[in-house]
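Report on the following structure.
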Amino acid sequence: MTSRSPRSGSNRAWSGRRVLTVVVAVCLLVLSGCVVVPTSGPAVRIEGQAPPCQNCVNVEVAPPAIGDEPKQIVDGYLRATSVYQPNYATAKQYLTKAAAEAWSPEDGARIYSGSTVANRNTVVLDGRLDGALGPDRTYTARNQPLKVDFGVVKEDGEWRISTPPNGLMIAAYAFSSFYRSYNLYFIGNGATLVPDPIYLPNLPDQANVASVLMKALLSGPSKWLQPAVASTLPVDTSQSVGAVTVTDGIAQVPLSDAVLPLNDRQRGLLAAQVVYTLKQATGVDGVLFTVNQKPFRVPGSDANSLEVAVDEISSDVDPVPFVAGDQLYAVRNRSVQLIAPTADSPDPRPMSGALGQGRYDVDSVAVSVANTDIAVVTDDRTVLRTGLTTNGNPATRLKGVSHLLRPQYTRYGELWALGVVGGRQRMWMFIGGKPVEVGAKILTQGTVTAFRISPDGTRMALVRTVGTRTELGLARITRADKVSVDGFRRLETARDKTLGISIIKDVGWSDATDLLVLGGSNPEASLLPYQVSEDASQISPPTEPNNWDAVEVTTLMGSETSVVIGRTGQTYKGDGATWLPFVAGCSTMAFPG
């Protein structure tokens, strides 16, 4: 299976929707690139820069002028920090000598909305902090008031900033069109590619994109993801030449001899990491690895040139696994029924065995990626049963538990369940029918009401209640001596009163990096399916209004197919753009995986 285009760069196109966008980037490794629109003034070309890229706007980043007033100094500084330049030399001219010496643009960025307000010689940025970008270029959504006093003073007869904020200050709107997210790829569970989003400008030279991505890949995963993944690039690996070159669609990646001891399996995973990362650069059709200026062989490479084409990487490592069909399983009138995915002819029919005969009061359903195994929660959410999809006669796997949530199978054949024992929530993973309790400290910090594991099996999306608040977040799944779920990272989804999500009911994975979140903007609002990127940098509501009174969502991995269940049992099927009425009378549903 091939991965889809990134959002604009991370595996989902967001065109055709109203999008709440806080896409951000810091070009700390960039050789050259696009620049963004200014906060005021006409758009003009900067002399001496590379030719402009398509859809980019070149703007003038001017140094301070003699006699500029304090507000002009601060506004000029904010424009200069929003436009990449080597060492941000122009931005530093707005600072006092001491401040310019101490200021480090590499300390990350704060993404803001708002404007400056001047009161005599004091200038304050009065607005909101919409997001933050770490030194590793990963984005974290924020939603809090922001006031920054720049400490404008006179130096050598001119106004200058004495206390600039750490890192960059970037207006959020300036990045909505000119920056994109890319994925670095690492290895989860020793076998599967796991995406790790970073943010870069929309560069005109795709060789520059490839160079920056390769440098970032060599730097390793983000601090949050690092405990759950590995890299087959040895830690002391470097590029023997500073940049990746792209010729006739082939990216040449010069590596140091630290990779020479790798065996064939390790070389294959290395190739997968690099090829998946670099193929996001437009025009890269393959990769040639070199060591000491000689071609370096990896599995799947051409026997003569040793180039490895992007389509030669095994689909087994794809972040989204191959799912055996799009058969939908639904509970209607206590019976588990098989439903065709086509809206015009769903053709419901009972599955064989006891499940199809309605012998169990089924609360929720899960089906394996291979479409061979089925799990059901029954008896008022107190019993977990599993069986084969071919006979529908399940055996009891877990009982004496209350409040069992909808279970899930992973690509590795594991079955995950979450319920309450002894007054506290507990989590289990079943392998070969035997339960293993999962260490999950995150269960002590709120009540989980829904969970879904990412297609790569390394991250878990969680909906939980903390006090009177519902929240959405991600956790890591670490498989070492013991399996654990930790590192809960709350996603700020309520930044915007109109499009933000403050009430959350359910969640599913649309693809490797995007979620389908069932939520509402306020307690009185009808719950809707929102597309949400895994870092909440992008949030998109459905394209059409509805009054479904929705209670559950299910997604088919590797496609844009989703089904929402309303409280009355009416379902609605979506393809990423439109939603149509589907089967009626359903209480719960599941696709394979």
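The values are calculated or read from the model by the stated rules, or taken from the named source; none is laboratory data. Because the structure is predicted, anything quoted here is derived from the model rather than measured. Methodologically, a virtual Cβ is constructed for each residue, glycine included, from the backbone with ideal geometry; neighbour enumeration extends over all protein chains shown. We work out accessible area using only protein heavy atoms, side chains counted, and drop any ligands, DNA or RNA first. Shrake-Rupley method; radii C 1.70, N 1.55, O 1.52, S 1.80 Å.
To the nearest 10 degrees, how steep is helix 70-82 against the longest Cα principal axis of the chain, on a 0 to 90 scale? So the helix axis and the longest Cα principal axis differ by about 50 degrees. Once the Cβ-Cβ distance of E106 and Q357 is raised to the sixth power relative to R0 = 56 Å, the FRET efficiency obtained is 0.30. Considering only alpha-carbon pairs that sit under 8 angstrom and 6 or more positions apart, the relative contact order computed for region 420-472 is 22 percent. Per-residue ellipticity at 222 nm computed for the chain from its helices equals -2500 deg cm²/dmol, with DSSP H segments shorter than 4 residues left out and the rest contributing -39,500 (n - 2.57).
Can you tell me which lysines have their Cα less than 19 Å from the Cα of K505? Leave out same-chain residues fewer than eight positions away. In chain and number order, the partners are K497, K573.
The mean accessible area for residues of region 73-173, using a 1.4 Å probe and ignoring ligands and nucleic acids, is 43 Å² per residue. Applied to region 391-408, the Karplus parametrisation 6.51 cos²θ - 1.76 cosθ + 1.60 on θ = phi - 60° returns per-residue 3J(HN,Hα) values of 10, x, 10, x, 10, 6, 10, 8, 8, x, 10, 10, 6, 5, 8, 4, x, 8 Hz, with x for Gly and Pro. Solvent-accessible area per residue in region 272-311 equals 44 Å², computed with a 1.4 angstrom probe and all protein chains kept. The C-alpha atoms of the chain define a longest principal axis, and helix 264-278 lies at about 60 degrees to it. Between the beta carbons of E312 and R128, assuming R0 = 51 Å, the FRET efficiency works out to 0.60 to the nearest 0.05. Close amide H partners of A251, meaning residues 5 or more places away or on another chain with modelled amide H under 5 Å apart, are D285, G286, V287, L288. Surface analysis of region 451-593 yields an accessible area of 32 Å² per residue, using protein heavy atoms and a 1.4 Å probe. Lysine pair count for region 86-234 with Cα-Cα distance under 27 Å and sequence separation of 8 or more or different chains is 6. Using θ = phi - 60° in the Karplus curve 6.51 cos²θ - 1.76 cosθ + 1.60, the 3J(HN,Hα) couplings for region 296-310 round to 10, 7, 10, x, x, 7, 4, 4, 9, 7, 6, 6, 10, 6, 4 Hz; x is entered for Gly and Pro. Taking 19 Å as the cut-off, the amide N atoms of region 330-358 that come nearer than this to a point 7 Å along the Cα-to-beta-carbon line of N393 belong to 335-337, 350-358. Mean separation of Cα pairs under 8 Å and 6 or more residues apart, divided by the residue count, gives region 310-437 a relative contact order of 15 percent.
Taking amide H as placed 1.01 Å from N in the peptide plane, the amide H of L528 sits under 5 Å from that of G519, G520, each at least 5 places away or on another chain.
Site-free segments of the chain were taken between GluC sites (Glu not before Pro) in DSSP loops having at most 14 other Cβ atoms within 10 Å, sites themselves excluded; the longest one is 48-523.
Comparing S115, A228, V244 along the charge dipole axis of the chain, the residue lying farthest to the positive side is A228, per the Cβ-charge model.
Using a probe of 1.4 Å on the protein chains alone, the accessible area found for F430 is around 10 Å².
Note on K441: aspartates and glutamates with a C-alpha under 14 Å away, same-chain residues under 8 apart excluded, are D486. Pairs of C-alpha atoms in region 398-498 farther apart than 24 Å represent 21 percent of all such pairs. Comparing T444, G392, G413 along the charge dipole axis of region 363-478, the residue lying farthest to the positive side is T444, per the Cβ-charge model. Compared with the alpha-carbon gap, the fully stretched path from A62 to T163 is longer by 34.3 nm at 0.36 nm per residue. Taking amide H as placed 1.01 Å from N in the peptide plane, the amide H of A171 sits under 5 Å from that of Y112, each at least 5 places away or on another chain. Remark: region 425-431, residue by residue, has Karplus-estimated 3J(HN,Hα) of 6, 9, 10, 10, 10, 9, 10 Hz, where x stands for each Gly or Pro and the curve is 6.51 cos²θ - 1.76 cosθ + 1.60 at θ = phi - 60°. Rounded to the nearest 10 degrees, the inclination of helix 206-219 to the longest alpha-carbon principal axis of the chain is 70 degrees.
Each Cα pair under 8 Å and six or more residues apart adds its sequence gap; the mean of these over the residue count of the chain is a relative contact order of 11 percent. Using a 1.4 Å probe on the protein heavy atoms, what percent of the accessible area of the chain belongs to carbon and sulfur? Result for the chain: 48 percent of the exposed heavy-atom area is carbon or sulfur. Candidates G353, Y329, Q293 compared by Cα position along the dipole of region 216-368: farthest toward the positive end lies G353, with charges placed on Cβ.
Dipole size of the chain about its Cα centre, with +1 on Lys/Arg Cβ and -1 on Asp/Glu Cβ: approximately 1540 debye, rounded to the nearest 20.
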